[in-house]
Amino acid sequence: MAGDNGLLSALAMNPAVILTVGAVLGAFVPNGFAAIRRPLMLVFVAMSAFQLQRLGLGEYGALSIFGEPVTMLRIDPLSRIFAVVFHIAAALNLIYAWRSRDRAQDFATLAYPAAALGGVLAGDLVTLFVWWELAAMTSAFFVLGPGTRATFLAAMRYLTIQILSGVLLLAGIVLVYRETGSLAFGEIGLRDGAGAIKMSGLVMLLAFGIKAAFPLLHNWVQDSYPKADFAGTIVLSVFTTKLAVASLARAFPGTGELVYIGAVMTIFPIFFALIENDLKKVLCYSINNQIGFMVIGIGFGTAASMNGAVGYAFTNIIFESLLFMAVGAAIYRTGTSKATELGGLYRTMPVTMVFCIIGAMSISAFPGFAGFVTKGLIIDAAGEAHAFWIWLVLLFASAGVLEHAGIKIPYFTFFAHDSARRPKEAPPAMLIAMGISAFLCIAIGVYPEPLYALMPYPEALADYHPYAPYHVVEQLQLLLWAVLAFAVLILIKWYPAEVPSANLDTDWFYRVPGRDLFIWAVAAVRAIWRLVWRLASTRFMRAMDRIYAVHGPEGAMARSWPTGFMALATAVVLGLALFIAFIS
């Protein structure tokens, strides 16, 4: 391995390491001085952002591990755009829960973004694996936070899924190295030159797909994220899935299978979100839906669609966090996230309501808001690829986003029926974090050029005009019809009623029959082991009795033997030795 000085230098220059140091130092601040913990962490976020800007584009921290070159830090247009928004999200999360006094969660609030940042900046697969696993471990602190049996079990399930992703990633790294002889983190692809599926590509895609919450691999989001407290859920909503999106964009651009995977991801969460009573779970299904748009953009693989995928990831982190913050503020003041127990909060939480509506309009891609200037790139890419059915899916999914996230969240939180709750407005720190997010949603929507300049292929945006008349008219038609459909369904009482219930998803298979199967398998293994042990121990004892009978004090070998017999035995042994020597 490279010398210690080279390793220390590579670590010292890494913005992710700076954030990690800030998290560790913050964790050592005594609770008696907890008021300085988050300001200290914000200083390290600023230092990390400054270091990112100071370094600029390039590769840094080149080392050798067992003779193999690795690049611990790579800042290129793809990684830079994720790094920028990760810093924004980390700062907003620290501000939002400013009065937190939970040392473990304060540590994770910065250590988890640090691990995700390290992953998107990784220039080699070994570095990616290290940060990948650190992201899994640090994020588990949020699920464990409430400290109940339910959260403990959810955290164990969450860690199991995340560790499975890490094991697959490690196996994929070995397969990639065997095929290419390189540990560089670049384009891997699913198929080889002859069109056959590569085992390395398949394993890596599964590893990334688990963290991206691909269909049937998605339920860890709904199972674990809502178990965290209101602030922890916001942090969780940002980093894991976006780290997976960044990894997919680097390793699998233009992989056609991702188009169809993403199409399924955009559709199925809509129906679960419409019938879900827990608003935190509604937003978790929204995460699945939104990642689907990004996966489709990566699957098309054109410059415009890649810009759309990563640009939409950037804006989604901001406006989805804003929605989580608004719902989190309502939870903080009322103690519940159930739609049946909320409503009428606009009377006493009007500022939070306004911020929630801004987030809802952004995620719904209303013109003038952040989602509009990036989602259109993905929809246009489907049209340019003449993928008519995918284009229709994107339009349907866009309308579905409006129904479940753009309307349902603000409507059932702040309007709908009167819950008779009259909580105070959100605390100032929460309002500041939400205000900054809302400002960014509007600023990017009105003036997207700075964001476009950060995208991987800015030259592909030279002829793109998000506010071209046909873009605006198309989106307004879609949104207005969706709003009308919601209004009609509410009036005729066909909209799914919000009722206290637990909705079953595919996690039912591993949480109910899967658990029973596991318990049965453990019992079966225990019974087989006991049987094998009984048989083996019985045979062993019989063998020992026979040995004792022959070699024990009263055994045949313990008797005195005649001298002639011993001489004959010696002659036989010598004769055998001579024979072996002769034939050899």
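Nothing in this text is a laboratory measurement; each read-out follows from the coordinates by a stated rule. None of the values given here were measured: they were computed from a predicted structure. Note that we place each Cβ from the backbone using ideal geometry, even for glycine, and neighbour counts take in every protein chain shown.
In deg cm²/dmol and to the nearest 500, what is the mean residue ellipticity at 222 nm of the chain if only DSSP H runs of at least 4 residues count, each as -39500 (n - 2.57), divided by the residue total?
So the calculated ellipticity at 222 nm is -23500 deg cm²/dmol.
If you average 1/r over all unlike Cα pairs in segment 169-254 and invert the result, what Kirkwood radius do you get in angstrom?
Every distinct Cα pair counted, the radius reaches 14.1 Å.
7 Å from Cα along Cα→Cβ at both E59 and V43: what's the point-to-point distance in nm?
3.6 nm
Once both labels are modelled 7 Å past Cα along the beta-carbon direction, what's the L274-V174 spacing in nm?
So the label points at L274 and V174 sit 4.6 nm apart.
Jot down the per residue volume, in cubic angstrom and as a whole number, of the convex hull over the alpha-carbon atoms of the chain.
For the chain, the hull spanned by Cα atoms encloses 240 Å³ per residue.
Pull out the extension gain between L164 and E449, defined as 0.36 nm times the separation in residues minus the alpha carbon to alpha carbon distance; nm, one decimal.
Value of the extension gain: 98.6 nm.
Can you tell me the Rg and Dmax of segment 450-559, counting just the alpha carbons, in angstroms?
Expressed in Å, the Cα Rg and Dmax of segment 450-559 come to 37.6, 110.
State the extension gain, in nm to one decimal, for the chain segment bounded by V24 and A196, taking 0.36 nm per residue of separation less the distance between their alpha-carbons.
57.3 nm
Just subtract the alpha-carbon distance of A34 and V473 from 0.36 nm times their residue separation and send over the number in nm, one decimal.
Roughly 152.9 nm would be gained on extension.
What relative contact order, as a whole-number percentage, does the chain give when Cα pairs under 8 Å and 6 or more residues apart are counted?
It comes to 12 percent, rounded to a whole number.
Modelled label-to-label distance, Y548 and R511, 7 Å Cα→beta-carbon offset: nm?
Going by the 7 Å Cα→Cβ label model, 5.6 nm.
In terms of Cα to Cα distance under 30 Å, which lysines are near enough to K424, apart from those fewer than 8 places away along the same chain?
The reachable lysines, counting only those whose Cα sits under 30 Å from K424, are K227, K280, K281, K338, K408.
Taking R0 as 60 Å, what's the FRET efficiency between L216 and R539 from their Cβ-Cβ distance, rounded to 0.05?
With R0 = 60 Å, the Cβ-Cβ based efficiency is 0.80.
Can you list the residues of segment 58-74 with backbone N under 18 Å from a point 7 Å past the Cα of A184, pointing along Cα to Cβ?
58-65, 67-74
Once Lys and Arg get +1 and Asp and Glu get -1 on their Cβ, which of S537, L568, I519 lies farthest toward the positive end of the dipole of segment 513-583?
About the Cα centre, the residue reaching furthest to the positive side is I519.
Round to the nearest 10 and give me the degree value, 0 to 90, for the angle of helix 15-27's Cα axis relative to the longest principal axis of the chain.
Orientation of helix 15-27: about 80 degrees from the principal axis.
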